[in-house]
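K.L.:
Below you will find the structure I want to go over with you.
The values are calculated or read from the model by the stated rules, or taken from the named source; none is laboratory data. Since the structure is predicted, the reported quantities are computational estimates derived from the model, not experimental observations. Heads up, the Cβs are rebuilt from the backbone with ideal geometry, glycines too, and the neighbour counts pull from every protein chain shown.
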Amino acid sequence: MDRNYLLSWKRGHRHDWELELIVLPVSVDRAKDFCEALGFRLDVDCTANEGCRVVRFTDSECSIIFGDAMTAAAPGSIRGLHLIVSANGAGGCGALWTHAVT
């Protein structure tokens, strides 16, 4: 990353950053059941080859992709990760609260 860019960031210049992708170890079937319960649209559920299943759901503003063999970490092993959703354009946020996901 450019040194001047980092220095301008340190001086308080605002930049719009978006987190586009994060890999979380999940149980595929449990995650699929969860997304279905939230009412997300199932786009893909396929097995590319033995041991490699990919599932994709879409909500109004985002897609969620998970599957087998995406990470070596055990399902549920991530600790201390927080998803912060703004009230503006929260899309499926209401469904998360309805299902008591905190």
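K.L.:
The conditions are (1) at pLDDT 70 or above; (2) surrounded by 12 or more Cβ atoms within 10 Å (Cβ to Cβ), and Ala37 fails exactly one of them. Which is it?
P.N.:
Tallying (1) at pLDDT 70 or above; (2) surrounded by 12 or more Cβ atoms within 10 Å (Cβ to Cβ), Ala37 fails exactly one: (2).
K.L.:
Just to be sure I understand the filter: pairs with C-beta atoms under 6 Å, separated by 6 or more residues or on different chains, first member in the range 56-81 and of a type in the set (A, V, I, L, M), second member assigned to a strand (DSSP E or B) and surrounded by 11 or more Cβ atoms within 10 Å (Cβ to Cβ). Which pairs pass?
P.N.:
These pairs meet every condition: Ile64/Phe57; Ile65/Arg56; Ala69/Cys52.
K.L.:
Moving to a separate point now. Going through the range 37-55 one residue at a time, which ones are at negative phi and either touching a residue at least 12 places away in the same chain (Cβ under 8 Å) or among the basic types (Lys, Arg) (or both)?
P.N.:
Ala37, Leu38, Phe40, Arg41, Leu42, Asp43, Val44, Asp45, Cys52, Arg53, Val54, Val55
K.L.:
Out of everything in the range 40-70 that is modelled with pLDDT of 85 or more and among the polar types (S, T, N, Q), what residue ends up being nearest to the chain's Cα centre (by Cα)?
P.N.:
Per the criteria, the residue is Thr58.
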